[in-house]
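So the structure is just underneath, and the comments pick up after that.
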Amino acid sequence: GYRCRHCGRPQEENGERLSVDHIIPWRLFEDKQAANDEKNLVAVCKSCHSRKTSRAEQRYLRGDVVDFRRYQEALAQP
């Protein structure tokens, strides 16, 4: 539906195309093909992508797996 999976705003409202985000950061995969599996990808607006990268991903990379799991579970909700 061309909507951000985080904020729900449509692509037209954001004024630019949605980005493809890796739920689990691609750099954590040895197999880059597995990193790009569609189950690990989500469409998000630039603003939400930036916020996710700076917050959730950085916490995950520092070892806060619990917070990152919550993030993954929230994305899995329809």
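Here are a few things to note about the model shown:
- You will find that of Arg55, Arg5, Arg17, the residue that is part of a loop (DSSP other than H, G, I, E, B), within 13 Å of the chain's Cα centre (by Cα) and not polar (S, T, N, Q) is Arg5 and no other.
- Residue in region 1-46 that is farthest from Arg70 (Cα to Cα), counting only those that are among the small types (Gly, Ala, Ser) and surrounded by 14 or more Cβ atoms within 10 Å (Cβ to Cβ): Ser19
- Residues satisfying the stated conditions in region 23-39, i.e. more than 18 Å from Arg59 (Cβ to Cβ) and either in a helix (DSSP H, G or I) or among the β-branched types (Val, Ile, Thr) (or both): Lys32, Gln33, Ala34, Ala35, Glu38, Lys39
We did not get these values from a lab; they are worked out from the coordinates using the rules stated. The structure presented is a predicted model; accordingly, all values stated were derived computationally and were not measured. Quick reminder, even Gly has a Cβ in these numbers, built from the backbone with ideal geometry, and neighbours come from all protein chains shown.
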